[in-house]
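Novice: I have a structure I would like to understand better, so I am pasting it below and will then ask my questions one at a time.
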Ligand code: GDP
Ligand code: MG
């Protein structure tokens, strides 16, 4: 069927609308496909750049014929033979002629007093109302011989138009759109000049205007408050076809945009129009893409005899269209953003949040594209509705971007923290590999700057000019705080590494020098080879003094190393204090371990034997004795043995020869610093006398050999000494020299 476009899915083409489209059919039904037609004819996207013309006039006065000649349309024309009404309802077609205004839509309205419709004045009134509510220009088609016939059918129609017009403006006082009544006088013979015909018509119109009943408040309104007039005359189409066509062509030239020429305002509201008939003030300001919905709404009101309220209709249209445009725009938004949302959600679910590349760019450009596209289409509608709906749209878009952006920053936060701590650890490891020459504080500073930059760049890339919520300063501050916490943790780890290094150094120093001190025990003359510098040669009696001095000086040096290094990476005083306290404790434990190793059964027995043998086998001058039977072997043996035996009680207790008491270990180690945390203690060995609650006294801590071990050692040593003695005795008797 002509004008009914029903196949869905493909873009309609103009070819499917040869005769235009039937806007309202004979059953007063509004055609749902108007928008498809406007799309097919490329009017839908024209915004306000389109025009609507309706033609009125009695049945069979050549209206359709005129439109077809004028606009190149193909409205059905009554066949010369059948004489039957052809135009049913209201048809619409786009102008097909060039050199006219853009996008002229012409509505061919069913003529009045047609035989077919009988007395149906109702439809006439309704279609007049519809045409007036939508059209800028109303062409009134009239035979020349009808001019002046005030009682004629045309005049009845005009009366209707005027009444209906007032009815429309009852509700729409503020905008009061004007319309142009364009009289086209047909079969103009030429005897009566057009100016005379015009005067007659204007007189009639004025008469009609005064005769209509005007609503309250409009009693004194004048016809020219609402209408402009224009006139044209056309020769008889059949009798003077060439002239007819030439004049129609002339007439066509007037359908361009124009201006009001106020200087030339003629009597009775007839306007001298400069340029063309389309004055901006005639335009109903319904965007082309909303026309079909608007017209449908209007027609609905008209058909149901409701008071036509154009402002309300326009607001409803605005709501409808803004929502529709918003949905379309959101679809575009969705296409760009939904995949990113999915990716983000998925990675978060998997516990590996990703930083989406170029999110800021995509987000802001999509947002701008969508808002701009909404603005372009929707801003043509009712201003308040538009701005409300725009705010709604922005809210929706921003809500989603906000979630996305926050997810992005939390992913960036995580990634940056990880990469920061990895980078610092990596650099430290590298530094250790290359001999430990690295500056922890510098590494941390450099990596922190780098990481902060990365995070800041990400946060800034999400910023959208003029959009307050895209300022992510708080997130940045939070991130920086976390970096500081991570730095503190890493520094603590570095402190531990440093402590371990220093402890190892202490251990090795103690191992060497304490071992050396014990070795001296092997020499029975209190350290053979006395120092040449005149110092008092060390004696067995001050063994512990020497070890304590050695210990404290090694620890002091270690403390110095630790402090210097810790300060270099900006450790706090508290941290240093805790570190030193731990170092002293661990050093003491290391010393204890070393001493224990030295006094282990086999080791100490060997030392005692050496000590004894030294005293027994060498004389005071250090010359080896050669036993002879006359020698007082027994006496020498007893002295040497007793001398060595005095070492055992000496070795049993860590005691200073000066005070005859253990060194003040608690004083040396010091109190536990207030800044020490539980984790600073959990790898520490308890120390008697220092950790009182451990139930071990300082006395016990300083006990090197227990009573039973001591006795055992005495017994075993004596046996060993006895062995040496027997051997000496034998060698003396046997004359065997050693
Ligand atoms: P409508 O009902 O007003 O649309 O009239 P149509 O365009 O269908 O034409 C009705 C009849 O009038 C047709 O037979 C046309 O040939 C004829 N007609 C068209 N234009 C003219 C004209 O300028 N003068 C005369 N006398 N007849 C015309
Ligand atoms: Mg017709």
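Novice: Divide by every residue of the chain the summed helix terms, -39500 (n - 2.57) for each DSSP H run of at least 4, and state the resulting mean residue ellipticity at 222 nm, rounded to the nearest 500 deg cm²/dmol.
Specialist: After summing the helix terms and dividing by the residues of the chain, the value is -19000 deg cm²/dmol.
Novice: In nm, what is the difference between 0.36 nm times the number of residues separating residue 96 and residue 656 and their Cα-Cα distance?
Specialist: 189.4 nm
Novice: I would also like to ask the following. Nearest 10 degrees is fine. How inclined is helix 310-349 to the longest principal axis of the chain, computing both from alpha carbons?
Specialist: Roughly 30 degrees between the two axes.
Novice: Could I ask something else about it? Can you tell me the alpha carbon radius of gyration of the chain divided by the globular rule-of-thumb value 2.2 N^0.38 Å? Numbers along the way, then the final one.
Specialist: Working: Rg = 56.5 Å, N = 738, 2.2 N^0.38 = 27.1 Å.
The reported ratio for this selection is 2.09.
Novice: Modelling each spin label as a point 7 Å along the Cα-to-Cβ direction, I'd like the residue 711/residue 346 distance in nm, to one decimal.
Specialist: 8.1 nm
Novice: Distance in nm between label sites at residue 122 and residue 727, each 7 Å beyond Cα in the beta-carbon direction?
Specialist: Label-label distance for residue 122 and residue 727, simple model: 14.4 nm.
Novice: For helix 601-617, what angle does its Cα long axis make with the longest principal axis of the chain, in degrees from 0 to 90 and rounded to 10?
Specialist: With both axes taken from Cα atoms, the answer is about 30 degrees.
Novice: Now for a different question. Arrange the peptides 429-441, 474-486 so that the one whose residues have, on average, the most other Cβ atoms within 10 Å appears first.
Specialist: 474-486, 429-441
Novice: Sticking with this structure for a sec: Could you pull the Cα extents of the range 451-503 along its three principal axes, largest to smallest, in whole Å?
Specialist: Here the spans come out as 59, 15, 7 Å, largest first.
Novice: Let me ask something else about it. Sort out for me the Cα centre separation of the range 537-602 from the range 14-44, rounded to whole Å.
Specialist: Their Cα centres are 100 Å away from one another.
Novice: Using alpha carbons only, how many angstrom separate the centre of the range 190-239 from the centre of the range 356-400?
Specialist: Taking the Cα centre of the range 356-400 as reference, the centre of the range 190-239 is 49 Å away.
Novice: For the range 328-471, what is the relative contact order in percent, using Cα pairs closer than 8 Å and at least 6 residues apart in sequence?
Specialist: Values: 88 pairs, mean separation 40.1, N = 144.
Result for the range 328-471 is 28 percent.
Novice: Which order do peptides 188-194, 452-458 fall in by mean Cβ count within 10 Å, highest first?
Specialist: Going by the mean number of other Cβ atoms within 10 Å, highest first, we get 452-458, 188-194.
Novice: Sticking with this structure for a sec: By how many nm would the segment from residue 14 to residue 324 lengthen if fully extended, with 0.36 nm per residue of separation less the alpha-carbon distance?
Specialist: 109.2 nm
Novice: Taking the chain as the reference, fit the longest principal axis to its C-alpha atoms, fit the long axis of helix 359-378 to the helix C-alpha atoms, and give the angle between the two in degrees, 0 to 90, nearest 10.
Specialist: Compared with the principal axis, the helix lies near 20 degrees.
Novice: Would you mind calculating the relative contact order of the chain from Cα pairs under 8 angstrom and at least 6 residues apart, reporting the percent as a whole number?
Specialist: So the answer I get is 8 percent.
Novice: Okay, next question. In the range 289-333, which residues have a backbone nitrogen under 18 Å from the label point lying 7 Å from residue 358's Cα in the Cα-to-Cβ direction?
Specialist: Residues 333 qualify, since their backbone N sits under 18 Å from the label point.
Novice: R0 = 22 Å: FRET efficiency of residue 643 with residue 603, Cβ-based, nearest 0.05? Before the final figure, lay out the partial values.
Specialist: Working: r = 20 Å, r/R0 = 0.90.
In this case the efficiency is close to 0.65.
Novice: I would also like to ask the following. Relative to the present Cα-Cα distance, how much length would full extension add between residue 312 and residue 336 at 0.36 nm per residue of separation?
Specialist: 5.0 nm
Coordinate-derived values only; no laboratory data. Keep in mind the model is a prediction, meaning the values are calculated, not measured. No Cβ is skipped: glycine too gets one built from the backbone with ideal geometry, and neighbour counts run over all protein chains shown.
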